[in-house]
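Visitor: Sending over a structure as structure tokens; questions will come in a sec.
The values are calculated or read from the model by the stated rules, or taken from the named source; none is laboratory data. These numbers were taken from a predicted model, which means no experiment stands behind them. Virtual Cβ from ideal backbone geometry, glycine too; neighbours counted across all protein chains shown. Side chains are part of the model used for accessible areas, which takes the heavy atoms of the whole protein and leaves out ligands, DNA and RNA. Shrake-Rupley method; radii C 1.70, N 1.55, O 1.52, S 1.80 Å.
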Amino acid sequence: MKKLILLFFIALASCGVKQTRTMLTSGDYDNAISECVSKLQGNKNAKGKQEYVYLLEEAFAKAKERDTREISQWFKDANPSNLEKIFSAYQQLNYRQESIRPLLPLQLLKEGREAKFPMEDYSEQLVSSKNALSNYLYTNSKALIATKDKMSCRRAYDDLMYLNDINPNYKDANKLIAEAKTKGTDFVTVSTKNATNVVIPQRLEDDLLNFSTFGINDKWTEYHSNKQKGIAYDYNIVIHFRDIVISPERVNEKEFQKEKVIKDGVKKLLDARGREVKDSLGKVIYVDNMKTIQASIYEFSQKKSAQVTAKVDYTNLKTNQLLDTFPLSSNFVFQNVYARLRGDRRACEESYFPTFERREVPFPSNEQMVYDCGEDLKAKLKSIINQHPISK
């Protein structure tokens, strides 16, 4: 058993080395380095880990040579878009060294030497490349914001957020971030119009326009039910109430009978002549006494319904063009069922018992019925806006 376990771990280690070598030969140097560093933590000088030392030495040398060569090419190209690549490459060169440094020295036992990991001081290159990138991001973002084009402002916002990440509080970058956010955002007004002959409850209108509870504001879209000063709105969403139908209050009554045979105690078993029947020991035999019970049920059903039909219009306020229209409707039904019983309630199914406890209740007002459609309307309106966002 011990031999089997040993063979299993040898095979497992061999598999790990093979996978790491595959990373190395495919040019995935950093993952190969990460795997080697992970394997060498702990007993780094164990004979079983020697292969990882060789792989780490080779991967480090090849990764450093590649990054240094690419940095040289990017400098020669002199394209500002390469500044981020240069900065990231220096970060990676430095990070790679620091991930290996705690393991040093690493011995190559067969060769009787230490593995070679020539370390460099990249602090000057990191500072200079960061400053060059910061200046480019700042200058380019200011130019993008000046165009007043929303997509350009959004690109400027993302670049400035990255600038703030690598170089916090650079010049007035925070002010520019706020400006880019405002200029890149689509501002949408939302309102309602009532084309019906029914008064829309104010609280329903307030609920529909309370977009803070919708959770639909995204990174580049804000919905306002009340216009704010100083904002140039881009789009308008109007909820047109077209029809509200409320049914009359109805009470339906019906009567039905229930009958059931139940056990009602026990009785003596009698023969055809009316004599008691006894068992072999002379004792009287008893059987279930079955009884038929009946009940009359008078059921009352109160019912009232409301249907609200509307449409949602999307309008571009810059061009005053209707962009799209979507239907919106909702139904709400009020129903109360209660019953009266005459007879033995055991004749009814137990599931029907709660109906006997209910009583007649006042019908909701027309206003309440319309308002009760509100949650469904709100959910459907949210679905429309989520499926057809302003910003795409």
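Visitor: If you scan the stretch 80-134, which residues turn out to be open to solvent by 70 Å² or more (accessible area, probe 1.4 Å) and under 43 Å from the mean Cα position of the chain (by Cα)?
Guide: E84, K85, Q91, Y95, E98, R101, P102, V127, N131
Visitor: Residue under question is Y54, and the condition is that it be touching a residue at least 24 places away in the same chain (Cβ under 8 Å) and among the hydroxyl-bearing types (S, T, Y); does it hold?
Guide: Judged against the criteria, Y54 is a match.
Visitor: Quick one: in the stretch 222-260, of everything that is of a type in the set (S, T, N, Q) and open to solvent by 90 Å² or more (accessible area, probe 1.4 Å), which residue is nearest to D344 (Cα to Cα)?
Guide: Ranking the qualifying residues of the stretch 222-260, first place goes to Q257.
Results for (1) at pLDDT 95 or above; (2) under 30 Å from E124 (Cβ atoms); (3) assigned to a helix (DSSP H, G or I), shown as yes or no for each residue.
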{"residue": "I5", "(1), (2), (3)": "no, no, yes"}
{"residue": "L12", "(1), (2), (3)": "no, no, yes"}
{"residue": "E35", "(1), (2), (3)": "yes, no, yes"}
{"residue": "K76", "(1), (2), (3)": "no, yes, yes"}
{"residue": "Y90", "(1), (2), (3)": "yes, yes, yes"}
{"residue": "Q97", "(1), (2), (3)": "yes, yes, yes"}
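Visitor: Among the residues of the stretch 297-314, what is the count of those that are hydroxyl-bearing (S, T, Y) and either surrounded by fewer than 16 Cβ atoms within 10 Å (Cβ to Cβ) or over 33 Å from the mean Cα position of the chain (by Cα) (or both)?
Guide: 3
Visitor: With respect to N45, determine if the residue is open to solvent by 40 Å² or more (accessible area, probe 1.4 Å) and part of a loop (DSSP other than H, G, I, E, B).
Guide: Judged against the criteria, N45 is a match.
Visitor: Let me ask another. Find all pairs meeting these conditions: Cβ atoms under 9 angstrom apart; at least six residues apart or on different chains; first residue within the stretch 255-278 and over 30 Å from V337 (Cβ atoms) and among the acidic types (D, E); second residue open to solvent by less than 80 Å² (accessible area, probe 1.4 Å) and assigned to a loop (DSSP other than H, G, I, E, B).
Guide: D271/V277; E276/L269; E276/I285
Visitor: Moving on. Open to solvent by less than 70 Å² (accessible area, probe 1.4 Å), among the acidic types (D, E) and farther than 30 Å from G42 by Cβ, is that true of D158?
Guide: In short, no.
Visitor: Of all residues in the stretch 182-228, how many are part of a loop (DSSP other than H, G, I, E, B) and either aromatic (F, W, Y) or under 28 Å from D158 (Cβ atoms) (or both)?
Guide: Summing the residues that are part of a loop (DSSP other than H, G, I, E, B) and either aromatic (F, W, Y) or under 28 Å from D158 (Cβ atoms) (or both) in the stretch 182-228 gives 8.
Visitor: Another question, then. Can you pull out the residues in the stretch 350-388 that are in contact with a Ser or Thr (Cβ under 7 Å, 6 or more places away or on another chain) and open to solvent by 50 Å² or more (accessible area, probe 1.4 Å)?
Guide: D376, K380
Visitor: What number of residues within the stretch 280-306 satisfy the criterion of being more than 30 Å from E357 (Cα to Cα) and in contact with a strand residue (DSSP E or B) (Cβ under 6 Å, 6 or more places away or on another chain)?
Guide: Total satisfying the criteria: 4.
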